[in-house]
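Below is one structure, written out as structure tokens; the observations come after it.
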Amino acid sequence: MKLNKNLIIAMLVVMSTTFNSCATAQSSKKQKYKVAVCDWMILKRQKLGAFGLAAEIKADGIELDMGGLGNRPTFDSKLGDPVERQKFLDKSKETGVGISSIAMSGFYAQSFATREITPMIADCIKAMKDMKVKVAYLPLGTQTDLVKNPELRPEVIKRLQWAGKEVGKIGGVIAIETSLSATEEKKLLEEVGSKYIKSSFNFANALDNKRDISSELKILGKKYVAQIHASNTDQFWLENDKAIDMPKIKATLDEMKWSGWLIVERSRDVTQVHNVKANYGANVAYLKKIFQN
């Protein structure tokens with residue numbers, strides 16, 4: 001049977017396109033490191049526009065915040081409303097921007113150790129379950145600083161053990177950020193004794209305390225690192241920050257066989273600190289250059 005020459009060419013084009021599409025999809029799925037931005041830091045806290053902006057600056061995902069806390073009994077969140085929650089999921093699918101984790105940033109300024117935390121943790125875990133997100137971010141902020149307030153440690157451990165049991169029911173993880181060194185944070189996690197409570201490692205914490213990032217990561221180890229806030233305090237873009245040896249950090253994580261989300265929180269250029277697209281676009285591009293090439 002003879003085939004028309006134009007038909008053969010058309011068939012080859014379709015086959016080539018299909019192959020390339022499959023290869024791209026497989027490459028995306030195999031990506032060890034993905035780069036996200038915090039929705040509150042790009043001025044889009046719990047706003048659908050966070051997905052479009054993240055796509056514009058070529059981020060792979062966003063860390064989606066639960067909303068403000070203040071003196072409320074729980075977070076000021078839209079994620080408990082099924083209709084609103086679906087809008088976020090639809091926008092994520094439409095833009096191709098994932099959700100790296102759900103953040104409880106309200107605890108930056110509120111006390112995890114002394115407030116009634118049951119409704120906040122319950123609401124966050126429900127959002128994780130409904131949105132199929134595996135990691136929640138919990139910063140133990142200024143009021144639960146275990147370096148300055150070591151007397152809070154027993155209560156923090158008790159509460160984290162409870163939170164671990166709750167998030168374990170959905171197979172999720174709560175990633176905590178502390179002001180402790182990696183050695184002390186690992187001891188804390190060992191005392192908590194839950195595989196559902198891990199570390200959200202922050203470059204800035206190590207650098208503020210003159211600790212080597214790679215060494216701190218090695219101390220914590222693959223087992224205890226759930227995600228990484230891969231930025232410094234505001235001053236320079238990551239690519240211009242001489243305090244961070246990013247190729248060395250990648251080599252360390254490769255050696256650890258770690259994979260996961262690298263989340264840009266800060267590292268804004270102070271000469272243009274309000275320029276969201278420039279700051280986060282540059283930092284996302286640099287992380288992708290180092291970790292995804």
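Out of 129, 186, 134, one residue alone is touching a Gly at 6+ places or on another chain (Cβ under 9 Å), within 16 Å of residue 75 (Cβ to Cβ) and free of Cβ contacts under 8 Å to residues at least 60 places away in the same chain. It is 129. Could you grab me the full set of residues in the stretch 44-80 that are among the β-branched types (Val, Ile, Thr) and more than 30 Å from residue 289 (Cα to Cα)? Scanning the stretch 44-80 gives a single hit, 74.
Restricting attention to the stretch 58-95, the residues that are assigned to a loop (DSSP other than H, G, I, E, B) and open to solvent by less than 50 Å² (accessible area, probe 1.4 Å) add up to 11.
Within the stretch 268-285, the residues that satisfy the criterion of being open to solvent by 40 Å² or more (accessible area, probe 1.4 Å) and part of a helix (DSSP H, G or I) are 270, 271, 272, 277, 285.
Yes or no, residue by residue, for (1) of a type in the set (D, E, K, R); (2) within 19 Å of the chain's Cα centre (by Cα); (3) modelled with pLDDT of 95 or more:
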position	(1), (2), (3)
155	yes, no, yes
158	yes, no, yes
176	no, yes, yes
183	no, no, yes
196	no, yes, yes
224	no, yes, yes
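Elements of the type helices (runs of 4 or more DSSP H) sitting completely within the stretch 123-217 and holding at least 2 residues that are open to solvent by 60 Å² or more (accessible area, probe 1.4 Å) and acidic (Asp, Glu): these cover 182-192.
Criterion first (within 21 Å of the chain's Cα centre (by Cα), open to solvent by 10 Å² or more (accessible area, probe 1.4 Å) and under 21 Å from residue 189 (Cβ atoms)) does residue 106 satisfy it? No; evaluated as a whole, the condition is false for this residue.
Within the stretch 221-247, being farther than 16 Å from residue 263 by Cβ, in a helix (DSSP H, G or I) and either open to solvent by less than 40 Å² (accessible area, probe 1.4 Å) or not basic (Lys, Arg) (or both) holds for 224, 239, 240, 247. Taking each residue of the stretch 213-226 that is free of Cβ contacts under 8 Å to residues at least 40 places away in the same chain and within 13 Å of residue 177 (Cα to Cα) and looking for partners that are buried (at least 20 other Cβ atoms within 10 Å of the Cβ) and among the hydrophobic types (A, V, I, L, M, F, W, C) with beta-carbon atoms closer than 7 Å, six or more apart or interchain, yields 220/182; 220/201; 224/189; 225/201; 225/217. Counting only residues that are in a loop (DSSP other than H, G, I, E, B), open to solvent by 10 Å² or more (accessible area, probe 1.4 Å) and either of a type in the set (Lys, Arg) or out of contact with any strand residue (DSSP E or B) (no Cβ under 6 Å at 6 or more places or on another chain) (or both), the stretch 248-267 holds 3 of them.
Going by the structure shown, is residue 114 within 17 Å of residue 70 (Cβ to Cβ), in contact with a helix residue (DSSP H, G or I) (Cβ under 9 Å, 6 or more places away or on another chain) and surrounded by fewer than 20 Cβ atoms within 10 Å (Cβ to Cβ)? Spelling it out, residue 114 is indeed within 17 Å of residue 70 (Cβ to Cβ), in contact with a helix residue (DSSP H, G or I) (Cβ under 9 Å, 6 or more places away or on another chain) and surrounded by fewer than 20 Cβ atoms within 10 Å (Cβ to Cβ). Residues of the stretch 142-168 that are charged (D, E, K, R) and free of Cβ contacts under 8 Å to residues at least 40 places away in the same chain: 145, 148, 151, 153, 158, 165.
The values are calculated or read from the model by the stated rules, or taken from the named source; none is laboratory data. Remember, it's a predicted structure, so these values are computed and weren't measured experimentally. FYI the Cβ positions are ideal-geometry reconstructions off the backbone, even for glycines, and counts take in every protein chain you see. For accessibility, only protein heavy atoms count, side chains too; no ligands or nucleic acids. Shrake-Rupley method; radii C 1.70, N 1.55, O 1.52, S 1.80 Å.
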